[in-house]
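Below is one structure, written out as structure tokens; the observations come after it.
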Amino acid sequence: MAQIEYAETVFSRMVELRRDFHHHPELAFEESRTAQVIMQELDRLGLAYGYPGTGGGVIGRLPTDSVAAPTFALRAEMDALPGAENTDLPFASSIEGKMHACGHDVHMAMVLGAAALLKAKPPDCHVLFVFQPAEERGGGARVIIRSGALRGVDGIFGGHVTHHYQVGEIMVAEGTITAQSDRFRIQVHGQGGHGARPHEATDAVVVAGLLITAIQTLVSREINPVYPSVVTIGTVRAGSAPNVIAEEALLEGSIRSTLPLVRRHLHDGLARMAGALGELHNADITVTIEEGYPPVVNTAHETHVAHRAASQVVGQQGLMQIDHPSMGSEDFAYYLHEIPGCYVRFGARPVSQEYIPLHSPAFNVDERVLNVGAAYFDEVVREASRQHR
């Protein structure tokens, strides 16, 4: 496609940037070096930008002559994940315990590539290049929104690499495409005692085990099977010695849902089961739920714009749909509460490689996806501007 051929003009620079980001990962709200590299590239391109300092985002700007022209934003994330990398790449993480295991290094390079393409052939609109902190943890999108940098933006577009599709495929779908995510903590307080005299104690481990089993029925027996939902217990901590009955147990987990009614039932169900088991076994059980990212809900017009742009880049054969929302979550949702927009997925799995999930220490991409992403972001801005007129 002509758009991808156009992106080839900046491919080598995108590869260089992506590998630099990958080699120097920074965690949420610590992305100072990453921001400096982005600003240096924006300087090289002759684009103005704003940056409040570590913990904030970098907002690049490409203006047009008409003040009344619409404004569209492209978004990328700057943060990496905690974890040890085992890709054996020559540009693998140089920082122990940190890794770009979710493709944010690729997203930044794509948007910077699109910035170069749009600067070379300016569109009939204003463009913002949004590099946000802390998508993985902390909801950095809210930092950008609170800064006021997106006031007056007419549409926002973002995307994510995935091994679910191969290079040359873009998933575009209207409506809900990711789940609401919530986290919970369940603290079980019993009565400690000697392992030889269980009748003198209330065993927090036994109560926690019963609760773990009971919680599995929340989705399997209380939620309509056609409504996507997940309750996962990720950590269990209890006990201090083999011959001591534990007085305390802590369970931590996550809830994923796409419908408010289902979400409410899962929250209430956790509290109901905890209360009933506490009463049954003479234990004090406390449930705390922390609200996570809302669902990503693509708006109709912007999805139409994204669909047309993607078809220009990868053709009709490269357009992918989804049958149901992903149960993952994304803080791009916060932008869509304020601004219409669309979030897509870019196929990035090398042909010779088996599927590797995001957040895996072995995650890597076929770098040809950089051309697809930059070409899409370039074209979606131009298509949005055309359709706005």
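Of the residues Phe21, Pro295, Gly55, the one whose Cα sits farthest toward the positive end of the charge dipole of the chain, with +1 on the Cβ of Lys and Arg and -1 on the Cβ of Asp and Glu, is Pro295. Around the Cα centre of the range 180-291, unit charges on the Cβ atoms of Lys, Arg, Asp and Glu (plus for the first two, minus for the last two) sum to a dipole of about 340 debye.
Computed from point charges on the beta carbon alone (+1 for Lys and Arg, -1 for Asp and Glu), the dipole magnitude for the range 225-280 about its Cα centre is near 320 Debye. Per-residue 3J(HN,Hα) values for the range 66-77, derived from phi via the Karplus relation 6.51 cos²θ - 1.76 cosθ + 1.60 with θ = phi - 60°, read 8, 5, 7, 5, x, 10, 10, 10, 10, 10, 9, 10 Hz in sequence order (x marks Gly and Pro). According to the Kirkwood relation over distinct C-alpha pairs, the hydrodynamic radius of the range 242-348 is 17.8 Å.
Ordering Phe91, Val37, Ser66 by the projection of their Cα atoms onto the charge dipole of the range 21-94, which places +1 on the Cβ of Lys and Arg and -1 on the Cβ of Asp and Glu, puts Ser66 at the extreme positive end.
Take the Cα pairs of the chain, get the Kirkwood Rh, then feed it into Stokes-Einstein at 25 °C and 0.890 mPa s and tell me D in µm²/s.
This corresponds to a translational diffusion coefficient of 109 µm²/s.
Set Lys and Arg Cβ to +1 and Asp and Glu Cβ to -1, take the dipole of the chain about its Cα centre, and tell me which of His107, Pro242, Thr232 lies farthest positive. Projecting each Cα onto the dipole axis, the largest value belongs to His107. Estimated from helical segments only, the mean residue ellipticity of the chain at 222 nm is -11500 deg cm²/dmol, where each DSSP H run of four or more residues counts as -39500 (n - 2.57). Taking amide H as placed 1.01 Å from N in the peptide plane, the amide H of Val161 sits under 5 Å from that of Phe346, each at least 5 places away or on another chain.
Relative contact order for the chain using alpha-carbon pairs under 8 Å, separation at least 6, rounded to a whole percent? Here the relative contact order equals 25 percent. Restricting attention to the chain, close to 70% of DSSP beta bridges with both partner residues there are antiparallel.
Computed over the Cα atoms of the range 180-291, what is the ratio Rg over Rh, Rh following Kirkwood?
Rg/Rh: 1.03.
Amide H contacts of Gly328 (H built 1.01 Å from N, in plane; Pro and chain starts excluded): Ala179 sit under 5 Å, all sequence-distant by 5 or more or on other chains.
Just checking the listed ones, Leu17, Leu218, Leu280: in the Gaussian network model of the chain with Cα springs under 10 Å, the one fluctuating most is Leu280. Helices of the chain meeting both criteria, an alpha-carbon length of 15 angstrom or more along the long axis and an average Kyte-Doolittle score not below 1.0, with helices taken as full DSSP H segments, are 104-120, 204-222. Residues whose amide H falls under 5 Å from that of Val244, counting only those 5 or more places apart or on a different chain, are Gly195, with hydrogens built in the peptide plane.
Per-residue 3J(HN,Hα) values for the range 331-336, derived from phi via the Karplus relation 6.51 cos²θ - 1.76 cosθ + 1.60 with θ = phi - 60°, read 7, 4, 3, 5, 4, 6 Hz in sequence order (x marks Gly and Pro).
Normalised by the number of residues in the range 180-291, the mean separation of alpha-carbon contacts (under 8 Å, six or more apart) gives a relative contact order of 42 percent.
Every read-out reported here was derived from the displayed coordinates using simple, explicitly stated rules and does not represent laboratory data. Just so it is clear, the structure is predicted and the values come from calculations on it, not from any experiment. Positions of Cβ are backbone-derived with ideal geometry, glycine not excepted, and every protein chain shown enters the neighbour counts.
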